[in-house]
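This report refers to the structure that appears directly beneath it.
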Amino acid sequence: MLPKLVTPKYDMIVPSTGESITYRPYVVREEKILLIAIESRSEIAVEKAVTDIIKACVETPINIKELTTFDIEMLFITLRSKSVGEGVKINPACDHCEERNDHKIDLEAIKIKNLEDAVDKHIKLTDDISLDLRWQTIDDRLSEAQRKTETETIINTIAHSIETIYSGEEIFAAKDAKMKEIVDFVESLSADQFVEIVEVLGKAPKLNYKMEFVCKECGEKNERELNGLIDFFT
């Protein structure tokens, strides 16, 4: 019988909950899943691969479906830093001449932007009606990715982000309602109410990395921020 390799284990904190979890680095089996997804150039495939890898490598019982998108993204970045080293190469285009440049991202320098900011997710729509929002989960985003237009995507993003609706003394949990009812509710909002919700959701925590490089072709300096997991694969 062939020997079994011993895989080290590490602990990390789930950003949104403060819960400590134990994980192992991913191995070739999981790396293969990721590489196939990246080669497909499909954002949905990459996010599904990331979720599958987290399920395989996190040993503490957790409900993946309840984790926010920034939890999933930070979990994976942490996994990746322990699995393939603290740096990952990307090939960004120069903003000035569009020449592709090699750039190495320091995974340890990636932070979660807006995590410490106190965001009021309770929105008063009228004198009698208000609602509570929640941050997106990866399941929400994968569901929204199936939408055909940007407008549909925004409407469904809001619908998935509604946690509770208050009407006078009545309280309605969005999880107990049909999604079509929630979408209809969102489509009945005024333009101002809609914009207010979009602005709050825009303050959601997200991965952030400030990248700088000098173009090898034109010599111009490039500065940009990478936000969200997909930016770190391009």
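Set side by side, the residues SER40, SER16, SER20, SER83 differ, and just one is among the small types (Gly, Ala, Ser) and in contact with a Pro (Cβ under 7 Å, 6 or more places away or on another chain), which is SER83. Taken over the stretch 185-203, residues that are in contact with a strand residue (DSSP E or B) (Cβ under 8 Å, 6 or more places away or on another chain) and of a type in the set (A, V, I, L, M, F, W, C) amount to 5. Is it the case, given these coordinates, that ALA204 is touching a helix residue (DSSP H, G or I) at 6+ places or on another chain (Cβ under 9 Å) and within 30 Å of LYS104 (Cα to Cα)? Answer is yes for this residue. Residues in the stretch 21-35 that are part of a helix (DSSP H, G or I) and either within 20 Å of the chain's Cα centre (by Cα) or not basic (Lys, Arg) (or both): VAL28, GLU30, GLU31, ILE33, LEU34, LEU35.
When the residues of the stretch 207-226 are filtered to those that are of a type outside the set (A, V, I, L, M, F, W, C) and surrounded by 14 or more Cβ atoms within 10 Å (Cβ to Cβ), the one that is nearest to the chain's Cα centre (by Cα) is ASN208.
Of a type outside the set (Gly, Ala, Ser) and crowded, with 16+ Cβ neighbours inside 10 Å: does that describe ILE64?
Against the criterion (of a type outside the set (Gly, Ala, Ser) and crowded, with 16+ Cβ neighbours inside 10 Å), ILE64 qualifies.
Here the stretch 182-206 is the region considered, the condition is being in contact (Cβ under 8 Å) with a residue 24 or more places away in the chain and of a type in the set (Val, Ile, Thr), and the residue that is surrounded by the fewest Cβ atoms within 10 Å (Cβ to Cβ) is VAL198. With respect to the conditions (1) surrounded by fewer than 16 Cβ atoms within 10 Å (Cβ to Cβ); (2) under 25 Å from ASN63 (Cβ atoms); (3) small (Gly, Ala, Ser), GLY168 lacks only one, and its number is (2).
Criterion applied to ASP95, ASP102, ASP106, ASP71 was being of a type in the set (Asp, Glu), under 23 Å from TYR209 (Cα atoms), in the same structural domain as MET211 (by TED's automatic domain parsing) and crowded, with 17+ Cβ neighbours inside 10 Å, and the one residue passing it is ASP71.
The values are calculated or read from the model by the stated rules, or taken from the named source; none is laboratory data. Computed from a predicted model, the values in this text were never measured in an experiment. Ideal geometry is used to build each Cβ from the backbone, glycine not excepted, and the neighbour counts take in all protein chains shown.
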